[in-house]
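Trainee: Attaching a single structure in structure tokens format; questions to follow.
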Amino acid sequence: MPPEDLTDEDLQKTAMYAQERQRKSQQADLEADGASVEDYLQSLNMKMRVSMDDAQVVARLSQLTQKTNQFNLTTPRYSEADIEQKISDDKTSVFHFTLADNFGDSGIVGLAIVERQSEDRAHLDTFLMSCRVIGRRAEEAFLRTIIQTLRTQNVKELTAEYIPTRKNMLVETFLPDNAFTEAGEGFYLTNLKDAAHAPGGDLPIEIEGP
């Protein structure tokens, strides 16, 4: 990859690997003292920043669609031009998030694209997250934040799809686990007033934005 094509996240990979080793070391120490996984997650003091329709990070958002395979509901591959078009579309919202904790900032690690289908209904076209933050409940925090935003826009129903691949079995039950009901083969629907979509006060993550 030519140097001019490197994103900030590419350049920071070495530091991020070191941070992850520190997290695993802390988790092992806490578990040795009898702490739970939830205790470990609380100890990280995680802070999530959710942003929407930010044209300044198009390169990274496109890169996420090209490289993310495991935690990816539909595995679309979007170019930078595709992402720019979606950001400029009044009926489409492009969400992303960053996640920081005691050991550092993981950068932009999640992307969701929501398409407005009618006045009170929307579709989750894309929902993906980098494997570097799997296991920290960031996906729940991100989804709930998106849903809270849609509620303020008077959206009442959100549809979604799971398209299985050889690599994304990790998210096979993500939608039903988060209050989506199957509405056809691979298609799901949720009422945004469902109690399971309450703000993330019960999650070990402080959320800001969008």
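The values are calculated or read from the model by the stated rules, or taken from the named source; none is laboratory data. The structure displayed is predicted, hence computed values, not measured ones. Neighbour counts are summed over all protein chains in view; Cβ atoms, including those assigned to glycine, are modelled from backbone coordinates with ideal geometry. We work out accessible area using only protein heavy atoms, side chains counted, and drop any ligands, DNA or RNA first. Shrake-Rupley method; radii C 1.70, N 1.55, O 1.52, S 1.80 Å.
Trainee: In terms of modelled amide H atoms, which long-range or inter-chain residues lie less than 5 Å from the amide H of Gln117?
Mentor: Here the answer is Ala122, His123, since their amide H atoms fall under 5 Å of that of Gln117.
Trainee: Now a separate question. What pairs from Lys86/Lys167; Lys13/Lys167; Lys24/Lys167; Lys13/Lys91; Lys67/Lys156; Lys67/Lys91 go past 29 Å between their alpha carbons? Please list the in-between numbers first.
Mentor: Working: Lys86/Lys167 26 Å; Lys13/Lys167 22 Å; Lys24/Lys167 24 Å; Lys13/Lys91 35 Å; Lys67/Lys156 32 Å; Lys67/Lys91 26 Å.
From Lys86/Lys167; Lys13/Lys167; Lys24/Lys167; Lys13/Lys91; Lys67/Lys156; Lys67/Lys91, over 29 Å: Lys13/Lys91; Lys67/Lys156.
Trainee: Moving on. To the nearest 20 debye, what is the magnitude of the charge dipole of the range 9-130 about its Cα centre, counting +1 on the Cβ of each Lys and Arg and -1 on the Cβ of each Asp and Glu?
Mentor: Numbers: 13 positive and 21 negative charges, 56 e Å.
Roughly 260 debye for the range 9-130.
Trainee: If you add up the charges near Arg121, with Lys and Arg at +1 and Asp and Glu at -1, over every other residue whose beta carbon is less than 11 angstrom from its beta carbon, what do you get?
Mentor: Values: positive: Arg116, Lys156; negative: Glu115, Glu119, Asp120, Glu157.
With Lys, Arg at +1 and Asp, Glu at -1, the neighbours total -2.
Trainee: Evaluate E = 1/(1 + (r/R0)^6) for Lys193 and Ile163, where r is the Cβ-Cβ distance and R0 equals 35 Å; express this FRET efficiency to the nearest 0.05.
Mentor: Details: r = 27 Å, r/R0 = 0.77.
For Lys193 and Ile163, the calculated efficiency is 0.85.
Trainee: Then there's this: By per-residue mean of other Cβ atoms within 10 Å, what is the highest-first order of 62-73, 113-124, 78-89? Could you put the intermediate results ahead of the total?
Mentor: Numbers: 62-73: 19.1, 113-124: 17.5, 78-89: 15.7.
Output ranking for 62-73, 113-124, 78-89: 62-73, 113-124, 78-89.
Trainee: Enumerate the calculated ³J(HN,Hα) couplings along the range 34-40 in order (Karplus 6.51 cos²θ - 1.76 cosθ + 1.60, θ = phi - 60°), each rounded to whole Hz, writing x wherever the residue is Gly or Pro.
Mentor: x, 6, 8, 4, 5, 4, 4
Trainee: Sticking with this one: Taking square-rooted eigenvalues a ≥ b ≥ c of the alpha carbon gyration tensor, is the range 104-210 rounded, prolate or oblate, where a/c under 1.5 means rounded and, failing that, a/b exceeding b/c means prolate? Don't skip to the answer; put the middle values down first.
Mentor: On the way: a/c = 1.65, a/b = 1.13, b/c = 1.46.
Note, shape of the range 104-210 comes out oblate.
Trainee: For the range 50-105, what does the alpha-carbon gyration tensor say about shape, rounded, prolate or oblate, given a ≥ b ≥ c as the root eigenvalues, a/c under 1.5 as rounded, and a/b over b/c as prolate?
Mentor: It comes out oblate by the Cα gyration axes.
Trainee: In addition: Keeping every protein chain present and rolling a 1.4 Å probe, give me the accessible area per residue for the range 87-128 in Å².
Mentor: Working: 1520 Å² over 42 residues.
On a per-residue basis, 36 Å².
Trainee: Assigning unit charges at the beta carbon (Lys, Arg +1; Asp, Glu -1) and nothing else, what dipole magnitude in debye, to the nearest 20, does the chain show about its Cα centre? List each step's numbers first, then the result.
Mentor: Values: 22 positive and 36 negative charges, 37 e Å.
It works out to roughly 180 debye.
Trainee: From the square roots a ≥ b ≥ c of the eigenvalues of the alpha-carbon gyration tensor of the chain, which class results: rounded (a/c under 1.5), prolate (a/b over b/c), or oblate?
Mentor: Taking the square roots of the gyration eigenvalues as a ≥ b ≥ c, the chain is oblate.
Trainee: Same structure, new question: Under 5 Å between amide hydrogens, which residues at least 5 positions from Leu192 or on another chain qualify, with H placed 1.01 Å from N in the peptide plane?
Mentor: For Leu192, whose amide H was placed from the backbone, the distant partners under 5 Å are Glu157, Leu158.
Trainee: What are the ³J(HN,Hα) couplings of the range 194-208, residue after residue, when phi is run through the Karplus curve with 6.51, -1.76, 1.60 and θ = phi - 60°? Round to Hz, x for glycine and proline.
Mentor: Couplings: 4, 4, 5, 9, 4, x, x, x, 8, 8, x, 9, 8, 10, 10 Hz.
Trainee: Over the chain, what percent of the accessible surface lies on carbon and sulfur atoms, probe 1.4 Å? Each step should come with its number before you reach the end.
Mentor: Working: 4960 of 10630 Å².
It is 47 percent, rounded to a whole number.
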